[in-house]
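Novice: Would you mind keeping the following structure in view while I ask a few things?
Nothing in this text is a laboratory measurement; each read-out follows from the coordinates by a stated rule. Keep in mind the model is a prediction, meaning the values are calculated, not measured. As a convention, Cβ positions derive from the backbone with ideal geometry for all residues, glycine included, and neighbour counts pool all protein chains shown.
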Protein chains: 2
Amino acid sequence: MPEQKSPPPLQNATLCQIGFVTRDAGRMARKLTEITGIPAPEPILTDGFEKARTLYRGNPSQATAKLIFFNLGQVALEIIEPIGGPSTWREFLEKHGEGVHHIAFTVKSTKTAAGELSGFGIPPVQSGVFEGGSYVYCDSEKDLGVILELLDSTTG
Amino acid sequence: MPEQKSPPPLQNATLCQIGFVTRDAGRMARKLTEITGIPAPEPILTDGFEKARTLYRGNPSQATAKLIFFNLGQVALEIIEPIGGPSTWREFLEKHGEGVHHIAFTVKSTKTAAGELSGFGIPPVQSGVFEGGSYVYCDSEKDLGVILELLDSTTG
């Protein structure tokens, strides 16, 4: 049966975030504050599996990370320091070194958009929930060299 | 003499672009068109040294690249396929593989902002001119894992 392709999954989606992985979120945040003048907010420690329901490559994961967000208007810079458990953050950091791990788009439904992206050869690699929303990372690494994140919240 | 630090060089600067390096601009552009629905514009071939006045690590360079821009509103995605000559594009691609090479900010004066960033340990690595503006890539790789680009044009 021929593969059914949906309309473009990110049609009219808004680019809302650029996510950096790092070995030291504090160091990267201090440099960003120096050059942008934006004070670094307090780091957020992500929840473990019990609360975040993190799935990584199909399996529950205790993936946690320290996050620091810099709001630049329409777009936020997210600094991610992997802490525990297997995750796309840690995998990417070990493979490529520090740098941009993902670009994120706000969508109406992460589940719908992730299903559609799969039809274009970009399957989910990690997903979870947080206070106020949910996310899915989709594995566009072979196509773009970075991950695509789908977010159904505008808070991050 | 203690180093004189300027105000934050990117204070109130607008994030305008995310730049990807790739070995095949056409392939990456086709995938972006599939998932965003945005038609890929014709590639642009950058000028050689005679016109672009490209400096790379202090020396004139015949650095050229094929560029394809996707306009996502405030932010453009720039796809860069290095063609000839030594460049930060080729260096980054060889070191990290495909992925995000830079994030770009629109500033009033690339020369002024580049001088200020140098004072924060982020020196120029490549610069040049194009029709309607000029750019400076500043070497923030050790701090952010990617390059910072300063642009004094809003056209790209």
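Novice: Let me confirm one metric for peptide A:35-41, namely the mean number of other chain beta-carbon atoms within 10 Å of its residues' beta-carbons.
Specialist: That average works out to 5.
Novice: Other chains near B:73-79: what is the mean number of their Cβ atoms within 10 Å of each residue's Cβ?
Specialist: Per-residue shielding by partner chains comes out at 3.
Novice: For a quick check: with amide H placed at 1.01 Å from N, whose amide H comes under 5 Å from B:C16's, ignoring anything fewer than 5 positions away on the same chain?
Specialist: Excluding prolines and chain starts, which carry no amide H, the hits are B:A104, B:F105, B:T106.
Novice: Quick check on the exposure proxy: order A:C16, B:C138 from fewest to most C-beta atoms within 10 angstrom.
Specialist: Starting with the residue having the fewest Cβ neighbours, the order is A:C16, B:C138.
Novice: Which percent, nearest 5, of DSSP beta bridges in the protein assembly as shown are antiparallel?
Specialist: Expressed as a percentage, antiparallel bridges in the protein assembly as shown total about 75.
Novice: If you don't mind, another one. Indicate the gyration tensor shape class of the protein assembly as shown (rounded, prolate or oblate), computed on the Cα atoms with a ≥ b ≥ c the square roots of the eigenvalues: a/c under 1.5 is rounded; otherwise a/b larger than b/c is prolate and the rest oblate.
Specialist: Oblate is the answer for the protein assembly as shown, as a/c is 1.5 or above yet b/c matches or exceeds a/b.
Novice: Per residue of B:7-20, count partner chain C-beta atoms within 10 Å of its C-beta, then hand back the mean as an integer.
Specialist: Mean shielding by partner chains, rounded to a whole number: 4.
Novice: Can you tally the net charge around B:K142? Count Lys and Arg as +1, Asp and Glu as -1, for every other residue whose Cβ sits under 11 Å from the Cβ of B:K142.
Specialist: Summing Lys/Arg as +1 and Asp/Glu as -1 gives -2.
Novice: Neighbour counts of other C-beta atoms within 10 Å: give me B:H96, A:H102 arranged from fewest to most.
Specialist: Fewest-to-most ranking of B:H96, A:H102: B:H96, A:H102.
Novice: Which FRET efficiency value, to the nearest 0.05, do you get for A:N59 and B:E94 by plugging their Cβ-Cβ distance into 1/(1 + (r/R0)^6) with R0 = 25 Å?
Specialist: 0.15
Novice: Also, I was wondering about something else. Taking a cut-off of 17 Å between Cα atoms, list the lysines near B:K111, but don't count ones fewer than 8 places away on the same chain.
Specialist: Within the straight-line limit of under 17 Å, B:K111 reaches these lysines: B:K5.
Novice: Please go through the residue pairs A:K142/B:K95; B:K31/B:K95; A:K31/B:K142; B:K95/B:K142; A:K66/B:K142 and name each one whose alpha carbons sit more than 18 Å apart in this structure.
Specialist: Table pairs above 18 Å Cα-Cα are B:K31/B:K95; A:K66/B:K142.
Novice: Only helical DSSP H runs with n ≥ 4 go in: add -39500 (n - 2.57) per run for the protein assembly as shown, normalise by residue count and round the 222 nm mean residue ellipticity to 500 deg cm²/dmol.
Specialist: Rounded to the nearest 500, it is -6500 deg cm²/dmol.
Novice: Let me ask you something else. On a straight-distance basis, which aspartates and glutamates could pair with A:K51 in a cross-link, Cα separation under 17 angstrom, same-chain partners fewer than 8 positions away excluded?
Specialist: A:E131
Novice: Take the rotation relating chain B to chain A, measure from its axis to every Cβ in chain B, and name the nearest residue with the distance in whole Å.
Specialist: Residue nearest the B-to-A axis, with distance in whole Å: B:V100, 2.
Novice: Let me ask something else about it. Could you give me the ³J(HN,Hα) list for region A:103-116, computed from phi with Karplus coefficients 6.51, -1.76, 1.60 and θ = phi - 60°, whole Hz, x at Gly and Pro?
Specialist: Karplus-based 3J(HN,Hα) across region A:103-116 equals 10, 10, 10, 7, 10, 5, 9, 5, 5, 4, 5, 5, x, 5 Hz.
Novice: Still on this model: Of the DSSP beta bridges with both residues in chain B, give the percent that are antiparallel, rounding to the nearest 5.
Specialist: Once the DSSP bridges in chain B are tallied, antiparallel ones form about 75 percent.
Novice: Now for a different question. Residue by residue through region B:39-56, what is 3J(HN,Hα) from phi via Karplus (6.51 cos²θ - 1.76 cosθ + 1.60, θ = phi - 60°)? Round to whole Hz and write x for glycine and proline.
Specialist: Result, ordered by residue: x, 6, x, 4, x, 10, 9, 5, 7, x, 4, 4, 9, 7, 6, 5, 10, 10 Hz.
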